[in-house]
Amino acid sequence: EREIFRRRTRRSAELHAKAGGLLAGGNEHVDPLSSPYPLFLDHGDGSEVVDVDGNTYVDCILAGGAILLGHNDRELTAAIRDLLATRTGFHGHLDEYEVLAADRICRTFPAAESVRFTASGAEANLAAARIARAYTGRKKIVKFRGHYHGWGDQFMVDLEVPGSGAFMAGGVPEEHYADTVLVHPHRIDELADVLAAGDVAAVISEPLGGESGLVPFPDDFHRQASMLAREHGALYVFDEVVSGTRAGVGGAQARLGVTPDLFTLGKGLMNGYPGCGAVAGRAEIMNTAVIGLPSGGPFAYLGGTMSGNTLSMAACLHTLGAITRPGALSAAIGVASDLVTRLNELFDASDTGFFAYHFGTIVKIEMTAPHVLDAGRPENVEPIIQRRAVLADYMVPVSNGGVLSRMGRDMVSLAHSATDNEKVVNAYARLIEFLG
Ligand code: PMP
């Protein structure tokens, strides 16, 4: 399969060799485990992308989940083209798109009363931590092990390159995360102990579980945990960078019926356009980020030349408009659900032990038995994450079968259909045959 891959992707191999000398690390922003080398893509349309060698794939990676409506969504592309005739952004001033986008967020997410845009999901989480600290006057941020909140120093506490044991926090002095307290997912008792010290500004989590649901939380965990946090004067923060536009309309907060004090958005919010991030929540808390508070209280400075950029705002407005159209997102979730059913039929007929599940349009394919997801067993968390190292190699036959997948975290867009599912199932059948 590797040979087949090499033969049909010669141009990608050339570009990869060239990138090695020019881009630090060769391919900084793709999965370091891309095997034998990452593909270079040329264009995309709907659910499909075409690489520089002319191979077409059903795209289940979707720019790390950022493509939500599908590639080159016609209406969005036309809207951005129109805007480009007159503007690219006016940092230092406002235009109406920022207000319209914020209004749309507040009407879509139960916890949103007030919004501040950032240029990425990582920045949104840094902003949330800063606002929480300024608002509470406390230092500590509680983070769940294995949850990813971007590459800010304070979050680089427990992240390893999957399977390698290599710690990713080189260049981050310990004192930069000295106020980040790690707790095991699912351990409400551990969380209660940490909160009892009375110095926690915020508890942050990916609400579906680390890596968009790799190890889901038990039912009712967030309700209990958010109550505990508030009892102890801490804010409860959801990182909805992925889940916000993929778990269902209104994100994980709507799905779980738990309203966080603050939450962050990114990725799918702008269908792949850059300058994509936002922090939102209760107005009283968000106002900590306002210069010249009437109270004269602590002020959380947030900057960003590209934050709230006109083109990003127009993309946000259009994307949220498209997914809140009646039935639009639920149709895509239906496609994800159908994919999961069909994949599980395939997996059940094999002896691989693979299984699939989904949260909204986030599709998880795991190479381990479902019992490992037993929420009461935190010791299961790390083995699952480590298993992902093996998965990169498995993606070679899947890619040869015409599908781009990352197995651990796949995505479906509003442009995906039953025909795409057919191709995905066939590509996985090829993998199973290969593992034979
Ligand atoms: N939070 C979560 C849950 C994410 O998955 C990511 C990106 N993978 C981020 C934050 C960081 O977002 P960005 O890459 O836009 O900085």
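Packing here is the average count of other Cβ atoms within 10 Å per residue, and on that basis the peptides 248-258, 268-278, highest first, run 268-278, 248-258.
Expressed per residue, the C-alpha convex hull volume of region 279-330 stands at 109 Å³. DSSP beta bridges fully contained in region 103-222 are about 10 percent antiparallel. FRET efficiency for the pair ASP189 and ASN344, taken as 1/(1 + (r/R0)^6) with r the Cβ-Cβ distance and R0 = 30 Å, rounds to 0.35.
Within the chain, DSSP assigns beta bridges of which about 60% are antiparallel (rounded to the nearest 5).
In this structure, the amide hydrogen of THR180, modeled 1.01 Å from its nitrogen in the peptide plane, lies closer than 5 angstrom to those of ILE141, counting only residues at least 5 positions away or on a different chain. Computed about the Cα centre, the dipole magnitude for the chain is approximately 540 debye when only Lys and Arg (+1) and Asp and Glu (-1) carry charge, each at its Cβ.
Distance between the C-alpha centres of region 232-261 and region 121-141: 16 Å, rounded to the whole angstrom.
In straight-distance terms, cross-link reach from LYS423 covers every one of the lysines whose alpha-carbon lies under 23 Å from its own, apart from those fewer than eight places away in the same chain; here that gives LYS364. Near the amide H of THR118, within less than 5 Å, lie the amide hydrogens of GLY277, ALA278, VAL279, GLY308, all on another chain or at least 5 residues away, with H placed in the peptide plane.
GNM remark for the chain: springs join alpha carbons under 10 Å apart, and the peak mean-square fluctuation among PRO185, PRO397, PRO38 falls on PRO38. Gyration tensor over the Cα atoms of region 74-323: the corresponding equivalent ellipsoid has semi-axes (square roots of 5 times the eigenvalues, largest first) of 29, 20, 18 Å. Here the 3J(HN,Hα) profile of region 238-248, calculated from phi with Karplus coefficients 6.51, -1.76 and 1.60 at θ = phi - 60°, is 9, 8, 9, 4, 9, 5, x, 10, 10, 7, x Hz, Gly and Pro shown as x.
Bridge orientation summary for region 74-323: considering DSSP beta bridges with both residues in this region, about 40 percent are antiparallel.
Set Lys and Arg Cβ to +1 and Asp and Glu Cβ to -1, take the dipole of region 74-323 about its Cα centre, and tell me which of GLY89, LEU262, ILE188 lies farthest positive. It is GLY89.
Once both axes come from the Cα atoms, what is the angle between helix 74-84 and the longest principal axis of the chain, in degrees from 0 to 90, rounded to 10? With rounding to tens, the tilt is 60 degrees. With the chain treated as a Gaussian network of Cα nodes joined by springs under 10 Å, which of ARG130, ARG116, ARG223 yields the largest mean-square fluctuation? Residue with maximal mean-square fluctuation among ARG130, ARG116, ARG223: ARG223. Using the Cβ of THR319 as centre and a radius below 13 Å, the other residues enclosed give a net charge of +2, where K and R count +1 and D and E count -1.
Computed about its Cα centre, the charge dipole of region 74-323 is approximately 460 debye, with only Lys, Arg, Asp and Glu carrying charge at their Cβ.
Considering only VAL52, VAL396, VAL203, the mean-square fluctuation computed in a Gaussian network model of the chain, springs between alpha carbons under 10 angstrom, is largest for VAL52. Where q = 0.07, 0.10, 0.13 Å⁻¹, what log10 of I(q)/I(0) comes from the Debye formula for the chain, counting one point per Cα? Treating every Cα as an identical point scatterer, log10 I(q)/I(0) equals -0.34, -0.71, -1.22.
Only the coordinates and a few stated rules stand behind these numbers; no lab work does. Fair warning: this is a prediction, and the values are worked out from it, not measured in the lab. Positions of Cβ are generated from backbone atoms using ideal geometry, with glycine treated the same way; all protein chains shown enter the neighbour counts.
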